[in-house]
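Below is one structure, written out as structure tokens, with a few remarks after it.
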Amino acid sequence: MRRQLRSRRAPAFPYGYRYRLDDQDEVNQNYLADEEEEAEEEARVMVVPNLKEEEEEEEEKEKEEKEEESQGQETSNAWWQKLHIVNEYLWDPEKRMSLARTGQSWSLILVIYFFFYASLAAVITLCMYTLFLTISPYMPTFTERVKPPGVMIRPFAHSLNFNFNVSEPDTWQHYVISLNGFLQGYNDSLQEEMNVDCPPGQYFIQDGDEDEDKKACQFKRSFLKNCSGLEDPTFGYSTGQPCILLKMNRIVGFRPELGDPVKVSCKVQRGDENDIRSINYYPESASFDLRYYPYYGKLTHVNYTSPLVAMHFTDVVKNQAVPVQCQLKGKGIINDVINDRFVGRVIFTLNIET
């Protein structure tokens, strides 16, 4: 730049102008030097901010890493402190305390609770003992809620649906097994050995203390005749004429009212009444004889066997489901409870396929 400026000078000027030109040349030189310095400073200014930004980013990253490390250390320290506090709470070796209590404190608490619960148990035992002194184990104090007798049938059937095919023994053999097992306690030889032959048609009332053993009247398996399993081991299932046994639940002290025995009556529950054209009952009276009442309870009436009524369905429509309802009939008998189909009656279905 200086060479260019020098080459532009005029070759001849008066002597008085020479000093002015030299001064101007110096001014130009100083001006150019200032411009170069400003350019260099601007370049520096442009570079320095970028470097500063990079340094600031690096510093921020370092701070974040340090903060993460410090947070991890703080978390681990916090967990360690909690574990240490728990350990000290469970057992403090310096103070010799467990669960913030000394051995003496624990001893006093255990003694207090021991006497408290011992006293409570003693009070409950005394109350129960006094209560049992007023209750007879042989005769229930309150029997009003069980006066209406319930009934149940044998053999067992799922949902009280008797579904079987006459030509397929596997479909009805389990009914035969159930009936045979149920009637083992009614075998004639066993009844003659354990029970007495009572006169029919009257209550078998036994006087004496309530804790004395009572005798039971015989109910022999042979009373069921064609449904006893003695004459027909299949109880009629092999011929499509099934036998179903009905018994009343035992009620201590129960007696049929007015001296009339309770009878059993079966019919089609809904549908065509001709679906059941013939039913044979055993015993033939289709009733529970009075000699089996009253019942004195299982503690004294040890050998008591509940009387039965067998229903022999000799002529039932085949290949369709027939709903059957068997009811108890007698004075004081309730057999129309809607919400309970086992009070005074039982409902089941026969579906005999051929």
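The values are calculated or read from the model by the stated rules, or taken from the named source; none is laboratory data. Being a predicted model, the structure only gives us computed values, none of them experimental. All Cβ positions, glycine included, derive from the backbone under ideal geometry; neighbour counts span all protein chains shown. Calculation scope for accessible area: heavy atoms of the full protein, side chains included, ligands and nucleic acids excluded. Shrake-Rupley method; radii C 1.70, N 1.55, O 1.52, S 1.80 Å.
Data overview
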{"quantity": "Residue list for segment 279-313, restricted to those being more than 25 Å from residue 188 (Cβ to Cβ) and open to solvent by 40 Å² or more (accessible area, probe 1.4 Å)", "calculated": "299"}
{"quantity": "Evaluation of residue 173 against (1) within 20 Å of residue 222 (Cβ to Cβ); (2) of a type outside the set (Lys, Arg); (3) at pLDDT 95 or above (one fails), failing number", "calculated": "(1)"}
{"quantity": "Residue in segment 205-222 that is in contact (Cβ under 8 Å) with a residue 24 or more places away in the chain and under 17 Å from residue 311 (Cβ atoms) present", "calculated": "yes"}
{"quantity": "Residues of segment 87-112 satisfying the condition of being touching a Leu at 6+ places or on another chain (Cβ under 9 Å) and assigned to a strand (DSSP E or B)", "calculated": "98"}
{"quantity": "Any hit, segment 206-227, residues being open to solvent by 80 Å² or more (accessible area, probe 1.4 Å) and either in contact with a Gly (Cβ under 7 Å, 6 or more places away or on another chain) or aliphatic (A, V, I, L, M) (or both)", "calculated": "no"}
{"quantity": "Given (1) open to solvent by 30 Å² or more (accessible area, probe 1.4 Å); (2) within 25 Å of residue 184 (Cα to Cα), number of the condition residue 267 does not satisfy", "calculated": "(2)"}
{"quantity": "Within segment 314-332, tally of residues that are buried (at least 16 other Cβ atoms within 10 Å of the Cβ) and assigned to a loop (DSSP other than H, G, I, E, B)", "calculated": "2"}
{"quantity": "Given (1) assigned to a helix (DSSP H, G or I); (2) open to solvent by less than 50 Å² (accessible area, probe 1.4 Å), index of the condition residue 84 fails", "calculated": "(2)"}
{"quantity": "Tally of residues being surrounded by 15 or more Cβ atoms within 10 Å (Cβ to Cβ), polar (S, T, N, Q) and either touching a His at 6+ places or on another chain (Cβ under 6 Å) or under 26 Å from residue 240 (Cα atoms) (or both) across segment 333-354", "calculated": "2"}
{"quantity": "Residue match in segment 185-204 (condition: touching a residue at least 24 places away in the same chain (Cβ under 8 Å), in contact with an Asp or Glu (Cβ under 6 Å, 6 or more places away or on another chain) and either part of a loop (DSSP other than H, G, I, E, B) or not aliphatic (A, V, I, L, M) (or both))", "calculated": "yes"}
{"quantity": "Which listed residue, of 223, 254, is aromatic (Phe, Trp, Tyr), in the same structural domain as residue 282 (by the TED database) and over 42 Å from the mean Cα position of the chain (by Cα)", "calculated": "223"}
{"quantity": "Residues of segment 161-186 that turn out to be open to solvent by 20 Å² or more (accessible area, probe 1.4 Å), of a type in the set (A, V, I, L, M) and within 35 Å of the chain's Cα centre (by Cα), as a count", "calculated": "1"}
{"quantity": "The listed residue being on the phi > 0 side of the Ramachandran plot and of a type in the set (Gly, Ala, Ser), out of 122, 100", "calculated": "100"}
{"quantity": "Meets criteria (in contact with a Phe, Trp or Tyr (Cβ under 6 Å, 6 or more places away or on another chain) and either open to solvent by 50 Å² or more (accessible area, probe 1.4 Å) or in contact (Cβ under 8 Å) with a residue 40 or more places away in the chain (or both)) for residue 247", "calculated": "no"}
{"quantity": "Number of positions in segment 263-283 that are within 20 Å of residue 335 (Cβ to Cβ) and either assigned to a helix (DSSP H, G or I) or in contact with a helix residue (DSSP H, G or I) (Cβ under 8 Å, 6 or more places away or on another chain) (or both)", "calculated": "3"}
